[in-house]
Amino acid sequence: MLNDEKSIEMTIYEGNKYILGRLQGIQMMLMAAHKGSAIASNNTKGKERESFINLFLSNILPPHFRFGSGEITDLSGNLSGQLDIVIEYPLLPSIQVPTSSAETRLYLAEGVAAAIEVKSDLIGQWQQVKQTSEKVKQLRRRFSASRGLAPNSVPLFAVGYTGWKSIDVVWQHLQEGIVDGILIIEDGLFIWNPTILPVTQLSGTVTGAWALWGLVVALHRLGTSLQSTSLDLALYARPDWMIIKKICNRLNDDKSVEVNFYDFIDEEGIDTEEGEKILKSLKTEGFIEIITSEDSEEIKLNSVVNIKITHEAIKFTQNMNTPFELT
């Protein structure tokens, strides 16, 4: 959530007139494309998404950003559902379904700079944004190493060709915490929550054609924050290795200390069904010793399971080049 104080106005000073002139041209082109696509209502959503990418994003942001659509998954097995635009900072792979005719991909949460929902009318389609946000906000990025500059959640922006007419009303909707930024193209209104980045950032409301530049600033900062991160891709095949590493970190490699496994899993945002699979895997690998359980014959979902780590776990995790933070 944002502070109650309003952000400073970024557009009191005119700024670079050459950049402003081009932004004004892009703004007019976007609205012209929007009005033209309204005639073909069945394809409006796809056309508006393509226009926003082709006329704006891909023409301004540098080539190392890649734009597509699809779903995002994380190390806990959460899935975002279909997203209009996924902005990939391609340090990590993403997967396209070979049999799919659509240009959709499956993205790793740690490789996504931001996701954008593009709507014809943000007022009338705000509920759709809320539904999308519920799944996106469940995603959690778990970097193997990070300088603490990148947010642990996947940033989500809402773009409306039309929408609210007042920056104060846009601000009120941003404070709901549904999205991290809102852009209204027609009226030139943009505001975002820079506190999603762990480091201090300049903030401000942006109006007029400069609103488009405000989104560019936000996306550039978010993409740059990923430069200081890394991820061992093997963990997507073996997320239980991440968990045992974190447990060993939590217990300071002390084999005498017990931890309630399911309490730990809850803290990590992993559902109990997936937690059960991880628990059984760690037991089979010889990485944990189960001390107590409500059912000594069978491990049940949501049961109280106290565990200790083993010498094998300590030896294994000490050789892992994945210094996970305890967050």
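Please treat every number below as a calculation from the coordinates, not as lab data. Note that this is a predicted model, so its numbers are computed, not measured. Backbone-built Cβ (ideal geometry, glycine too); neighbour counts: all protein chains shown.
The table below lists the values:
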| quantity | calculated |
| --- | --- |
| Residues of segment 209-249 classified as of a type outside the set (S, T, N, Q), part of a helix (DSSP H, G or I) and touching a helix residue (DSSP H, G or I) at 6+ places or on another chain (Cβ under 9 Å), total | 23 |
| Segment 250-276, residues that are in contact with a helix residue (DSSP H, G or I) (Cβ under 8 Å, 6 or more places away or on another chain), in a helix (DSSP H, G or I) and more than 18 Å from Gln138 (Cβ to Cβ) | Arg250, Phe261, Tyr262, Phe264 |
| Filter result for the condition that a residue is charged (D, E, K, R), closer than 18 Å to Asn78 by Cβ, within 26 Å of the chain's Cα centre (by Cα) and surrounded by 14 or more Cβ atoms within 10 Å (Cβ to Cβ), over Arg238, Arg221, Arg250 | Arg238 |
| Residue list for segment 149-176, restricted to those being surrounded by fewer than 19 Cβ atoms within 10 Å (Cβ to Cβ), in contact with an Asp or Glu (Cβ under 8 Å, 6 or more places away or on another chain) and in a loop (DSSP other than H, G, I, E, B) | Lys165 |
| Residue list for segment 181-201, restricted to those being in contact (Cβ under 8 Å) with a residue 40 or more places away in the chain and on the phi < 0 side of the Ramachandran plot | Ile182, Ile184, Ile185, Glu186, Ile191, Asn193, Thr195, Ile196, Leu197, Pro198, Val199 |
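For every residue, the table says whether it meets (1) over 12 Å from the mean Cα position of the chain (by Cα); (2) in contact (Cβ under 8 Å) with a residue 60 or more places away in the chain.
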{"site": "Leu61", "(1), (2)": "yes, yes"}
{"site": "Gly68", "(1), (2)": "yes, no"}
{"site": "Ser76", "(1), (2)": "yes, yes"}
{"site": "Leu79", "(1), (2)": "no, no"}
{"site": "Ile95", "(1), (2)": "yes, no"}
{"site": "Ser144", "(1), (2)": "yes, yes"}
{"site": "Pro151", "(1), (2)": "no, yes"}
{"site": "Phe157", "(1), (2)": "no, yes"}
{"site": "Gly163", "(1), (2)": "yes, no"}
